[in-house]
Amino acid sequence: MIRASYTLGGAGSGVVYNMDEFKELANAALALSPIHEILIEESLLGWKEYEMEVIRDKNDNCIIVCSIENLDPMGVHTGDSITVAPALTLTDKEYQVMRNASFAILREIGVDTGGSNVQFAVNPTNGRMIVI
């Protein structure tokens, strides 16, 4: 995934699948960026997307209000995707990993009280999970 810096409407952005496409899009994106910078990211197209709604209080009590699953894979904007709660296809192990990661994230970024939404992507091929 290549994104041109400081452009509007996705100009200079796209997914590449080989080195020739990479060179072509990178050069085009660099030319479109007013500061001649690009961002190169790993593509998550096709990965499964989940969310955890989390609440933490001043005594560090944390709960998961609900888990949410986007029925469409990554690459479909969340606002355009159908979601279900609770998540339907998470294993208990995946749920516990996301739960623990969500609590750790709230503590680390300083959410001392209140609610937060933590989003995850899971590679359906190998189970690799990342926070998005």
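The values are calculated or read from the model by the stated rules, or taken from the named source; none is laboratory data. Bear in mind the structure is a predicted one, so any value in this text is a computation, not a measurement. Cβ placement follows ideal geometry from the backbone for every residue including glycine, while neighbour counts extend to all protein chains displayed.
Points worth noting:
- When segment 1-58 is filtered for residues that are basic (Lys, Arg) and more than 30 Å from PRO86 (Cβ to Cβ), the ones remaining, listed by number, are ARG3, LYS23.
- Selection count where residues are within 18 Å of the chain's Cα centre (by Cα) and surrounded by 15 or more Cβ atoms within 10 Å (Cβ to Cβ), scope segment 105-115: 2
- Of the set (1) in contact with a Cys (Cβ under 7 Å, 6 or more places away or on another chain); (2) over 18 Å from LYS58 (Cβ atoms), all apply to PHE103 but (2).
- Screening ILE64 against (1) modelled with pLDDT of 95 or more; (2) out of contact with any helix residue (DSSP H, G or I) (no Cβ under 6 Å at 6 or more places or on another chain); (3) among the β-branched types (Val, Ile, Thr); (4) closer than 22 Å to PHE120 by Cα leaves a single unmet condition, (2).
- Per-region count, segment 28-71, residues among the acidic types (Asp, Glu) and surrounded by 15 or more Cβ atoms within 10 Å (Cβ to Cβ): 4
- Residue check, PRO34 within 16 Å of PHE120 (Cβ to Cβ) and more than 18 Å from the chain's Cα centre (by Cα): no
- Subset of segment 85-102 [over 17 Å from the mean Cα position of the chain (by Cα) and touching a residue at least 12 places away in the same chain (Cβ under 8 Å)]: ALA85, PRO86, LEU88, THR89
- Test: residue in segment 79-88 that is in contact with a His (Cβ under 9 Å, 6 or more places away or on another chain) and hydrophobic (A, V, I, L, M, F, W, C): no
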